[in-house]
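Take a look at the structure below.
The values are calculated or read from the model by the stated rules, or taken from the named source; none is laboratory data. Just so you know, these numbers come straight off a predicted model, no measurement behind them. Note that each Cβ is placed from the backbone with ideal geometry, even for glycine, and that neighbours are counted across all protein chains shown.
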Amino acid sequence: MLKKIRLDFQAILKNDPAVQNKIEAILCYPGFHALTIHRISHRLWQNKTLRLPARLLSQISRFFTGVEIHPGATIGNGVFIDHGMGIVIGETAQIEDNVQLFHGVTLGGTGKNIGKRHPTVQSNTIIGAGATLLGPITIGSNSKIGAGAVVLSDIPKNSTVVGIPPTQRIITT
């Protein structure tokens, strides 16, 4: 767990040109705080007898950071949440390594289905402010989801997505 937290910290230094120093990154980045607390709540969630404390911890984190991450969500290494206010990450969401999320992103479900209900975001993907990804879809690695985009279907790797269906454009490089 400490390795993951260290990689999340390094992601701030790598991805945010506004960070002045390491102390600022530790003290002033709510996305980092939310991810750190999520790593603890996720570990509790994995023990089925500790799911209530896991949910309570995630709600405390939400109160203080503005970032809501369900403790069941799986999050890889080096994830960077910039200006995290309003981010929602659902229970069955999976985020792989080196993903960047900006404020207002939703990785949500589309109903009361059983099983996988939330998106999978593969490595090295950037998701712009206010983007909404819904359902058990997969966003391919090295993709960019534009600000305000609404994504309801799988996106191939190395793609750029902008817009809202049915006018959405997918550009594969």
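Restricting attention to region 140-150, does a residue exist that is closer than 24 Å to W45 by Cβ and either of a type in the set (F, W, Y) or crowded, with 16+ Cβ neighbours inside 10 Å (or both)?
No, every residue in region 140-150 fails to be closer than 24 Å to W45 by Cβ and either of a type in the set (F, W, Y) or crowded, with 16+ Cβ neighbours inside 10 Å (or both).
I'm trying to understand the selection: among the residues of region 79-97, which are surrounded by 21 or more Cβ atoms within 10 Å (Cβ to Cβ), in a loop (DSSP other than H, G, I, E, B) and modelled with pLDDT of 95 or more?
The answer is V79, I87, A93.
Going through region 107-122 one residue at a time, which ones are surrounded by fewer than 21 Cβ atoms within 10 Å (Cβ to Cβ) and either touching a residue at least 60 places away in the same chain (Cβ under 8 Å) or of a type in the set (V, I, T) (or both)?
Once the filter is applied, which keeps residues that are surrounded by fewer than 21 Cβ atoms within 10 Å (Cβ to Cβ) and either touching a residue at least 60 places away in the same chain (Cβ under 8 Å) or of a type in the set (V, I, T) (or both), region 107-122 yields T110, I114, T120.
Cβ-Cβ under 7 Å, sequence separation 6+ or interchain: first residue in region 77-97 and of a type in the set (D, E, K, R), partner crowded, with 19+ Cβ neighbours inside 10 Å and in a loop (DSSP other than H, G, I, E, B). Which pairs?
Correct list of pairs: E91/H70; E91/G72; E91/A73; E91/H118; E96/Q122; D97/G78.
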